[in-house]
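Beneath this line is the structure, given in structure tokens, with notes to follow.
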Amino acid sequence: MVANESKFKRGLTIAFLLVTSLMWLFPLLWAVFNSFRDYGYTLEHGYFSFGGFTFDNWKNAWIQGGFSHSFLNSAVITIVAVLLTLALSTCMAFVLARYSFKFNVALLVFFMAANLLPPQSLLVPVYRIFRAVPLPTWLAESGSLLDTYGGVILINVAFQTGFCTFVLSNYMKAIPYAIYESAEVDGASVWTQFRTLTLPLCRTPLAALATLQTAWIYNEFFWATVLMQSGDKFPVTSSLNNLRGTFFTDYNLLSAGSLLAALPILVVFFVLQRHFVSGMTLGAVKG
């Protein structure tokens, strides 16, 4: 009797998970299905019909959306911003975890404060500051941080560094202090301890954070829209606006464009999947 009840609960749990998974996957599967369908066919027979399959949506989305150029813009912004964020947060996390001083906790709270504020509340002051920062015309045509890759990179680094510092500092605090004591006895400097001990031990959380940061910065649209003024510098998220018509929108074409924009993130996730899962489960099992 107990065995039958256990099997029933297990079957109920599996059924619930399957239904939940299908609910989460339905929008993606629906987008994939419609991206291979002709707009004229769906207009005549409806989106719940079957037929009218074509590959033209993907080709037209690539050309009309200008993905070849916007992908390059997003790559420059994302790669530089992620590397700077991880480099700065790793250094700050090492100091916060390795040394105890009076304002240790207060400094960590200060780093996290940027993540607690909605970006919209900082729109006006950030825009004015970026416009007031002078830059030579050979470096920026606008003469300021506005309409530059550096401006978008800088704002992303500023917002994401606090979160990464918080995560990495908590992980570094779990590293046994005896390791650093042994290194000091052997004459290792602080830089050597950071480079040869801490960084190799933080490989897993760094990979997990790299995956998250790549997804967040790549998909960021708000600051790129505010700080960018030239259409040839917009990231890939703005390419989807090029697929929207003035009087009507071809949602099959838009589905193909959305999938094109999501492909790089899917590739990054699958490449770093093992490290990402390991990083998210750190500390779940002790012993």
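Each value in this text was obtained by applying a stated rule to the coordinates, not by laboratory testing. Small disclaimer: the values here were computed from a predicted structure and weren't measured. Here the Cβ is made from the backbone with ideal geometry for all residues, glycine too, and neighbour counts use every protein chain on show.
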Region 92-129: chymotrypsin sites (Phe, Trp or Tyr not before Pro) falling in loop per DSSP and having at most 15 other Cβ within 10 Å
Tyr99, Phe101, Phe103
Quick one: grab the alpha carbon gyration tensor of the chain, order the square roots of its eigenvalues as a ≥ b ≥ c, and give me rounded if a/c is under 1.5, else prolate or oblate depending on whether a/b is larger than b/c.
oblate
Given charges at Cβ of Lys, Arg, Asp, Glu: the chain dipole, positive-most of Leu197, Ile155, Val126:
Leu197
Structure-based [θ]222 nm, the chain - -39500 (n - 2.57) summed over DSSP H runs of at least 4, per residue, nearest 500:
-22000 deg cm²/dmol
Lys102, Lys233 arranged by Cβ crowding within 10 Å, fewest neighbours leading:
Lys102, Lys233
Which one, Trp191, Trp30, Trp62, has the greatest fluctuation when you compute a Gaussian network model over the chain with C-alpha springs under 10 angstrom?
Trp191
Rounded to the nearest 20 debye, what is the charge dipole size of region 66-280 about its Cα centre when +1 sits on each Lys and Arg Cβ and -1 on each Asp and Glu Cβ?
260 debye
Take Thr196, Thr237, Thr211 and order them by how many other Cβ atoms sit within 10 Å, fewest up front.
Thr196, Thr237, Thr211
Could you put Ile217, Ile129 in order, starting from the residue whose Cβ has the fewest other Cβ atoms within 10 Å?
Ile129, Ile217
Apply the a/c threshold of 1.5 to the C-alpha gyration tensor of region 128-265 and tell me whether it is rounded, prolate or oblate.
oblate
Just how far, in whole angstrom, is region 22-100 from region 137-187 if you go by their alpha carbon centroids?
26 Å
Percent RCO, i.e. relative contact order, over the chain, from Cα pairs under 8 Å lying at least 6 residues apart:
30 percent
